[in-house]
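**Q** First the structure, which I've put down as structure tokens, then a few questions once you've had a look.
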Amino acid sequence: MAAMTRRAALRMAALPVLGLALALARDLAAFALPQRCPGCGVAADPEGFLCARCRRAIPRLETALCARCLAAGRDPIGCRVHGGFSVRAAWIYDERAALVVHALKFQERPGLARALGETLARALPPEARPDLVLEVPLHRTRRRERGYNQAALLADALATTLAVPRWPEALIRVRATRAQARLGAAARRANLAGAFRLAQPKALAGRSVLIVDDVLTTGATLEACLAPLEAAGARAKGLALAWAQ
Ligand SMILES: [Zn+2]
Ligand SMILES: [Zn+2]
């Protein structure tokens, strides 16, 4: 599709009116032309983004991890100490998962998030089904920059698929944290400790809560989100679309 879009854009570039006309042409081309799978180039349903074959080829994470042990650099599998920090991921991050995550994060794709509700739901064994779904919040400054929170879109999709209630903004990011990407594991953890609080902690006592994020990396973000939930007496777990080991 990229080649066709470029050709359409070149045709438009010959016209005296640029800028807006070019943007309109790109939108029209993207709308009118069949969508291609960015993983392998075959025709694919635009909602699903990747073709079914590429989506099935992404490795699944079959086991639960402990976010607290992961964040502390310990073996995250089989922990029996930190019950309130159990997290799962639908996928193990690979180049196909990376395409999906990038599209979710940087090109507004609400349809794509909707199509991932099933993928997220399949990662949950029956006993991990929640009665309430929350999202990992973005700080409002970053949310303003991006215009949306991709974790919230995924949480919406999962809640719809499971037909369970959704509580947006139940968790609040108290302070903006430094960009995480360049920090080591210990620095990430220190950066995030105390970064989240609950809007109404009492309302969550005893509830079975699932908190959704796009990518699980060092576990520090989900650990920091699960800490106030555990303190509030919720039975909380985390779920990410992909685990980037
Ligand atoms: Zn494909
Ligand atoms: Zn643990």
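The values are calculated or read from the model by the stated rules, or taken from the named source; none is laboratory data. Everything numeric in this text was worked out from a predicted model, so none of it was measured. Neighbour counts run over all protein chains shown; Cβ positions are idealised from the backbone, glycine included. With ligands, DNA and RNA removed, areas are computed over all heavy atoms of the protein, side chains included. Shrake-Rupley method; radii C 1.70, N 1.55, O 1.52, S 1.80 Å.
**Q** Would you please name the residue that is farthest from residue 89 (Cα to Cα), looking only at residues in the stretch 46-57 that are free of Cβ contacts under 8 Å to residues at least 60 places away in the same chain and outside any helix (DSSP H, G or I)?
**A** Going through the qualifying residues, I end up with 51.
**Q** Still on this model: Hey, could you check the stretch 31-60 for residues that are modelled with pLDDT of 95 or more and open to solvent by less than 20 Å² (accessible area, probe 1.4 Å) and say which is nearest to ligand 2 (Cβ to nearest atom)?
**A** 58
**Q** Applying the selection to the stretch 188-245, what residues are of a type in the set (Val, Ile, Thr) and open to solvent by less than 20 Å² (accessible area, probe 1.4 Å)?
**A** To start, the set of residues in the stretch 188-245 that are of a type in the set (Val, Ile, Thr) comprises 209, 211-212, 215, 217-218, 221.
Hits for the stretch 188-245 are 209, 211, 212.
**Q** In the stretch 77-99, what residues are touching a Ser or Thr at 6+ places or on another chain (Cβ under 9 Å) and either over 16 Å from residue 214 (Cβ atoms) or within 16 Å of ligand 1 (Cβ to nearest atom) (or both)?
**A** Matches in the stretch 77-99: 77, 78, 79, 91.
**Q** Going through the stretch 61-90 one residue at a time, which ones are of a type in the set (Lys, Arg) and surrounded by 19 or more Cβ atoms within 10 Å (Cβ to Cβ)?
**A** 68, 88
**Q** If you don't mind, there's one more thing I want to ask. Inside the stretch 191-219, can you point out the residues that are assigned to a helix (DSSP H, G or I) and either modelled with pLDDT under 95 or among the acidic types (Asp, Glu) (or both)?
**A** Start the filter on the stretch 191-219 by keeping residues that are assigned to a helix (DSSP H, G or I), which leaves 191-192, 201-204.
If the condition is that a residue be assigned to a helix (DSSP H, G or I) and either modelled with pLDDT under 95 or among the acidic types (Asp, Glu) (or both), then 191, 192 are the ones that fit.
**Q** Quick one: how many residues across the stretch 83-100 are within 16 Å of ligand 2 (Cβ to nearest atom) and either assigned to a helix (DSSP H, G or I) or without any contact (Cβ under 8 Å) to a residue 12 or more places away in the chain (or both)?
**A** Of the residues in that region, 3 qualify.
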